[in-house]
Amino acid sequence: EWEYAARAGSKTAYSFGDTVDSLGDYACFADNNAGGPDKVGLKKPNAFGLHDMHGNVWEWTVDSYTAEGFKALGSGPLFVSKAIQWPQEATHRCVRGGGWQDDASRCRSAARMGSEDEDWKDADPNIPLSPWWYTSDPARSVGMRMVRSAKSLAKDDLKLYWEIDNADIQQDVTLRMEEGRGALGLPVPELAEALKDGS
């Protein structure tokens, strides 16, 4: 789904074509950034009206990272739930689209990178290492885009997307919750109202 949204109907390397000549109009990347990500929406949107699908920050996806990517799924149309490569480990989660520190080739619609928990937490001062955040490059240019299904999903399907899926992550989260270093609930109160009224 992420790549479908990034391509916006195109079959080219970038949603606007195959050459990097216009990438600066659509993306914040190494050749045109001021040392950090841009505010969302400053660049041109793709044909679907989505901003920052190329560059700015790598975006988390549900998929596990595999070297062969979609080739492992074979050919032909697939339902989304069958196309997802559900992660089995805490690491090697897939981020997509390139970030503000990357060159143009890393901002292609097909660009992918797997997370590396130990490397991405190398500068973490916490002992044990924090389950909440990454401290080392390239993780500083990783972010997220929150989306939700246009149609309500069954509760079992929602669990696949939202519940912790790894014993090590669950142990880290449980420990920190017991220590009082976290809270359950919506971090943005306005989000609760938006969810209620469907906006």
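The values are calculated or read from the model by the stated rules, or taken from the named source; none is laboratory data. Predicted model, so just to flag it, every value in this text is computed and none were measured. Methodologically, a virtual Cβ is constructed for each residue, glycine included, from the backbone with ideal geometry; neighbour enumeration extends over all protein chains shown. All accessible areas refer to the heavy atoms of the entire protein, side chains included, with ligands and DNA or RNA removed. Shrake-Rupley method; radii C 1.70, N 1.55, O 1.52, S 1.80 Å.
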Exercise. Of LYS159/LYS196; LYS43/LYS151; LYS44/LYS82; LYS11/LYS39; LYS71/LYS159, which pairs sit farther than 22 Å apart, going by alpha carbon to alpha carbon?
Worked result: LYS43/LYS151; LYS44/LYS82; LYS11/LYS39; LYS71/LYS159
Exercise. Rounded to the nearest 10 Å², what accessible area does SER136 show when all protein chains are kept and the probe is 1.4 Å?
Worked result: 20 Å²
Seminar exercise, completed: Order by accessible surface, 1.4 Å probe, largest leading, for residues MET53, MET177, MET146, MET113 comes to MET146, MET177, MET113, MET53
For this session: Report, in debye and to the nearest 20, how large the dipole of region 119-199 comes out about its Cα centre when Lys and Arg carry +1 and Asp and Glu carry -1 on their Cβ.
Result: 340 debye
For this session: Over region 1-74, average the accessible area per residue using a 1.4 Å probe and give it in Å², no decimals.
Result: 56 Å²
Problem set entry | Cβ-placed point charges (K, R +1; D, E -1), dipole of region 1-136 about Cα centre in debye, nearest 20 | 560 debye
For this session: Kindly provide the pair-distance distribution of the chain built from C-alpha pairs, with 10 Å bins from 0 and whole-percent values in order of increasing distance.
Result: 8, 29, 36, 23, 4, 0
Exercise. If we count GluC sites (Glu not before Pro) as exposed when they sit in a DSSP loop and have at most 11 other beta carbons within 10 Å, what is the longest stretch of the chain that avoids them all?
Worked result: 69-162
Exercise. Along the positive direction of the dipole of the chain (beta-carbon charges: Lys, Arg +1; Asp, Glu -1; about the Cα centre), which of MET144, ALA111, TYR4 reaches farthest?
Worked result: TYR4
Problem set entry | About the Cα centre, charge dipole magnitude for region 43-199 (Lys/Arg +1, Asp/Glu -1 at Cβ), debye | 840 debye
Seminar exercise, completed: Taking Cα atoms, the helix 167-178 axis meets the longest principal axis of the chain at an angle in degrees (rounded to 10) of 60 degrees
Seminar exercise, completed: trypsin sites (Lys or Arg not before Pro) in region 117-186 lying in a DSSP loop, each with at most 13 other Cβ atoms within 10 Å of its Cβ, come to ARG148, LYS151, ARG181
Seminar exercise, completed: For the chain, the accessible surface attributable to carbon and sulfur atoms (probe 1.4 angstrom, ligands and nucleic acids excluded) amounts in percent to 54 percent
Problem set entry | Accessible surface of THR61 - all protein chains present, 1.4 Å probe, nearest 10 Å² | 30 Å²
Problem set entry | Solvent exposure, largest accessible area first (probe 1.4 Å, DNA, RNA and ligands not counted), of TYR14, TYR4, TYR161 | TYR4, TYR161, TYR14
